[in-house]
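**Student:** Sharing a structure, written as structure tokens. Questions coming.
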Amino acid sequence: PIERLSASDMAEEPAKLSIDQARVAAKEACAIFEQPANAERLLAVQKESAGDIGKFFMMVIPVAVELVGSVIAKYGFEPSQSGAMEFVKELRRYEADGEIKALADNLKTKFMPNMMPAAPVDEMAD
């Protein structure tokens, strides 16, 4: 049954990105968040939402989507929250590639609330 599940998962939609496109797109998407003005803006709304899940979804997600929208649109994804989630899901196809997995994990942190304040983020963790 596990095989059937993953096969049907992949059968739903053909890959939108080759592994090389996924790597480049993931790097571009991560780079958007590392630009000082963008990083500052995202951090400000993250601080403002301060662990409040409702505020997070109302404030942080729209900023993250706005920032990454132009990158993902170039690769055929809608510049919206669902498009961003679809983009990260597409990157997950290539999780066996350590670099893409790390980039995808980095991106996911922009869209997922960190409800564990004071927990250090170990970027080298698997």
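**Student:** What are the residues in region 19-57 that are among the charged types (D, E, K, R) and either open to solvent by less than 40 Å² (accessible area, probe 1.4 Å) or over 26 Å from residue 101 (Cβ atoms) (or both), if any?
**Tutor:** Across region 19-57, the qualifying residues are 40, 41, 47, 48, 52, 55.
**Student:** Report whether or not residue 77 is open to solvent by 90 Å² or more (accessible area, probe 1.4 Å), within 30 Å of residue 15 (Cα to Cα) and aromatic (Phe, Trp, Tyr).
**Tutor:** Here the answer is no, as residue 77 does not meet what is asked.
**Student:** Could you check region 1-48 and list, in sequence order, the residues that are among the small types (Gly, Ala, Ser), under 22 Å from residue 83 (Cβ atoms) and modelled with pLDDT under 90?
**Tutor:** Residues satisfying the conditions are 11, 15.
**Student:** Looking at region 85-111 only, could you name the residues that are in a loop (DSSP other than H, G, I, E, B) and either loosely packed, with under 14 Cβ neighbours inside 10 Å or charged (D, E, K, R) (or both)?
**Tutor:** Answer for region 85-111, where residues must be in a loop (DSSP other than H, G, I, E, B) and either loosely packed, with under 14 Cβ neighbours inside 10 Å or charged (D, E, K, R) (or both): 93, 95, 96, 97.
**Student:** Separate question: Does residue 81 count as in contact with a helix residue (DSSP H, G or I) (Cβ under 7 Å, 6 or more places away or on another chain) and among the polar types (S, T, N, Q)?
**Tutor:** So residue 81 fits the description; yes.
The values are calculated or read from the model by the stated rules, or taken from the named source; none is laboratory data. Computed from a prediction, not measured in an experiment: that's the story for all the values here. A quick note on method: Cβ atoms are made from the backbone with ideal geometry, for glycine too, and the neighbour counts reach across all protein chains shown. The area values use the complete protein model at the heavy-atom level, side chains included, leaving out ligands, DNA and RNA. Shrake-Rupley method; radii C 1.70, N 1.55, O 1.52, S 1.80 Å.
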